[in-house]
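The values are calculated or read from the model by the stated rules, or taken from the named source; none is laboratory data. This is a predicted model, so every value here is computed, not measured. Backbone-built Cβ (ideal geometry, glycine too); neighbour counts: all protein chains shown. Areas reflect the complete protein model, heavy atoms only, side chains present, ligands, DNA and RNA absent. Shrake-Rupley method; radii C 1.70, N 1.55, O 1.52, S 1.80 Å.
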Amino acid sequence: MKKFLDIYLNDQFALGVAWRELARRAARNNRGTDLGAALERVATGITEDVDTFRGVMRQLHVRPDPVKPALTWVAERIGRIKPNGRLRGYSPLSRFEELEFLAMGIEGKKQLWTTLRDLAGLAARLPDVDFDELIRRAERQRAELEPFRVRAGTEALATTPVTGTATAQ
């Protein structure tokens, strides 16, 4: 069973690296706006979560697989060149997709902490890791980004013009 936990932890660590990089990129793309400030806070939190997760792996004596995070890092970079509805530059679809993918990642992270706490039984094995607080932090991150995600989705996807939706306020 430890083998499966090791694989699972390495897979989740790689995803955490991808979400961290996406959050950083989204924050840079929206710098100087309310959304940019929210993304900076979320990116900082995700970075802390990745560090916490690395510590969990260390405490469990799980050797990090250097290939998986590297592959997700490359995949995140490749994702930057996909069409976004504009020949050059950032588009409303770019903003929405970044927020949508971050929302998925944060929900996945919340599920990860719950899985480790409840299914893997790590709350008892790692009493110094506050899984409940990690879950609450994911909920706060998700709540902070949600109004921006909704606004960006409306701006990017509405089939009729929407007035008064300045996404990157």
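Between Asp65, Asp51, the distinction of being part of a helix (DSSP H, G or I), of a type in the set (D, E, K, R) and under 24 Å from Leu116 (Cα atoms) belongs to Asp51 only.
Report yes if some residue within segment 33-51 is out of contact with any Asp or Glu (no Cβ under 7 Å at 6 or more places or on another chain), aliphatic (A, V, I, L, M) and open to solvent by 70 Å² or more (accessible area, probe 1.4 Å); otherwise report no. Within segment 33-51, none of the residues are out of contact with any Asp or Glu (no Cβ under 7 Å at 6 or more places or on another chain), aliphatic (A, V, I, L, M) and open to solvent by 70 Å² or more (accessible area, probe 1.4 Å).
Yes/no matrix, rows are residues, columns are (1) in a helix (DSSP H, G or I); (2) small (Gly, Ala, Ser); (3) open to solvent by less than 50 Å² (accessible area, probe 1.4 Å):
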{"site": "Asp128", "(1), (2), (3)": "no, no, no"}
{"site": "Leu134", "(1), (2), (3)": "yes, no, yes"}
{"site": "Glu139", "(1), (2), (3)": "yes, no, no"}
{"site": "Glu155", "(1), (2), (3)": "yes, no, no"}
{"site": "Thr159", "(1), (2), (3)": "no, no, no"}
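Picking from residues in segment 114-169 that are modelled with pLDDT of 95 or more, β-branched (Val, Ile, Thr) and within 18 Å of Ala26 (Cβ to Cβ), the one that is nearest to the chain's Cα centre (by Cα) is Val150.
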